[in-house]
Amino acid sequence: MRSIKPYTNIEMKKIFYCLMVGVLLWGCKQDEGTVLRLETSLGDVRLRLYDETVLHRENILKLVRNGFYNGLLFHRVIQDFMIQTGDPDSRMAQTGTFLGDKDAGYTLKAEILPQYFHKKGALAAAREGDEVNPERNSSGSHFYIVKGKVYTQEELTELVEKINHRRFTALLNTIKASKAEEIAQCRLRGDSLAFERLKDIDAEILQTARHQFAADKLTLSPEQEKIYTTIGGTPHLDGAYTVFGEVIEGLDVVDKISAVPVDKNARPLENVVIEKIVIE
């Protein structure tokens with residue numbers, strides 16, 4: 001019968017070390033959550049999807065499994081802003097063709113969460129503008145990755161003030177437009193009662209706008225201010241678009257893509273191709 005020799009202390013230490021390294025590596029992998037590897041003609045980008053934005057996470061996983069993004073272009077690239085893809089017509093599109101009008105053919109309910117904002121490397125869903133999409137529902141397939149810029153504290157404060165002024169003015173005009181017919185009738189009548197009603201309408205519009213603006217006002221947390229003044233991003237998009245993931249590796253590739261020459265429609269002059277997206 002063959003005897004089994006016990007491990008020496010040195011051998012036991014080596015085994016223990018290997019086990020610990022394996023556990024640590026496994027733990028790091030687990031902590032990453034759901035990860036996509038975006039393989040492009042200019043390099044790879046790894047993206048972590050947020051669990052809290054479940055509709056957007058499950059949607060992009062479905063599209064990736066179906067090969068939807070394979071061969072698509074980054075059809076819209078703006079330096080110091082973002083890189084965007086998701087138009088199925090961009091696959092094999094001729095040079096100079098305008099792209100961006102087509103998507104998967106459906107929208108997703110917005111999942112705009114305050115803890116996820118437009119820092120550099122944020123993964124977010126594109127959408128149609130508020131004038132036709134007040135619910136801010138996302139495109140079924142278009143997404144963008146934020147490049148952004150770094151702000152000084154003074155620039156950031158000034159930007160937030162401008163954003164809030166613009167948002168409040170747009171809200172005020174929208175509410176006023178909903179009262180346009182009644183306003184026109186009062187002006188047409190021109191009597192004292194009509195004049196008093198016009199004053200009441202103005203007061204109602206202002207009160208409604210102030211009430212609704214409370215939910216739409218941009219207020220940056222200390223964390224956001226720190227990131228926008230160090231790492232950078234696009235703060236003017238916060239609270240208006242769904243952020244559902246972030247780059248965990250390959251920001252240099254995002255920088256490289258965002259720096260390519262583009263035409264008047266922000267389409268790269270030389271195609272930047274998504275060769276495939278893989279679920280790790």
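The values are calculated or read from the model by the stated rules, or taken from the named source; none is laboratory data. No experiment lies behind these values; they were computed from the predicted model shown. Every residue, glycine among them, receives a Cβ derived from its backbone with ideal geometry; neighbour counts consider all protein chains shown.
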Sole residue being out of contact with any Leu (no Cβ under 8 Å at 6 or more places or on another chain), touching a residue at least 40 places away in the same chain (Cβ under 8 Å), more than 27 Å from R76 (Cα to Cα) and not hydrophobic (A, V, I, L, M, F, W, C), chosen from S178, S221: S221
Of the residues that make up segment 240-249, is at least one farther than 28 Å from T95 by Cβ and assigned to a helix (DSSP H, G or I)? no
With T208, T229, T169 as the choices, which residue is at negative phi and touching a residue at least 40 places away in the same chain (Cβ under 8 Å)? T229
Within segment 106-126, can you find the residues that are out of contact with any helix residue (DSSP H, G or I) (no Cβ under 8 Å at 6 or more places or on another chain) and either surrounded by fewer than 19 Cβ atoms within 10 Å (Cβ to Cβ) or not in a strand (DSSP E or B) (or both)? Y106, T107, A110, I112, L113, P114, Q115, Y116, A126
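Among residues belonging to segment 84-105 that are part of a loop (DSSP other than H, G, I, E, B) and in contact with a strand residue (DSSP E or B) (Cβ under 8 Å, 6 or more places away or on another chain), point out the one that is nearest to L55 (Cα to Cα).
Among those that are part of a loop (DSSP other than H, G, I, E, B) and in contact with a strand residue (DSSP E or B) (Cβ under 8 Å, 6 or more places away or on another chain), it is A104.
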Given V160, V132, V150, V146, which one is over 24 Å from V64 (Cα atoms), crowded, with 19+ Cβ neighbours inside 10 Å and among the hydrophobic types (A, V, I, L, M, F, W, C)? V160
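Any idea which residue in segment 40-80 is surrounded by the most Cβ atoms within 10 Å (Cβ to Cβ), counting only those that are among the basic types (K, R) and closer than 20 Å to V146 by Cβ?
Filtering segment 40-80 for residues that are among the basic types (K, R) and closer than 20 Å to V146 by Cβ, the one surrounded by the most Cβ atoms within 10 Å (Cβ to Cβ) comes out as R76.
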I'm told S192 meets every condition in (1) of a type in the set (S, T, Y); (2) more than 16 Å from the chain's Cα centre (by Cα); (3) under 18 Å from K120 (Cα atoms) except one. Can you identify the failing condition by its number? (3)
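State whether the residues of segment 184-203 include one that is in a helix (DSSP H, G or I), in contact with a Cys (Cβ under 8 Å, 6 or more places away or on another chain), of a type in the set (F, W, Y) and at pLDDT below 95.
Yes, because at least one residue in segment 184-203 is in a helix (DSSP H, G or I), in contact with a Cys (Cβ under 8 Å, 6 or more places away or on another chain), of a type in the set (F, W, Y) and at pLDDT below 95.
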Sort through Q79, Q94 and tell me the only one that's at pLDDT below 95 and within 16 Å of N265 (Cβ to Cβ). Q94
Hey, could you check segment 183-240 for residues that are polar (S, T, N, Q) and over 30 Å from V132 (Cα atoms) and say which is surrounded by the fewest Cβ atoms within 10 Å (Cβ to Cβ)? S192
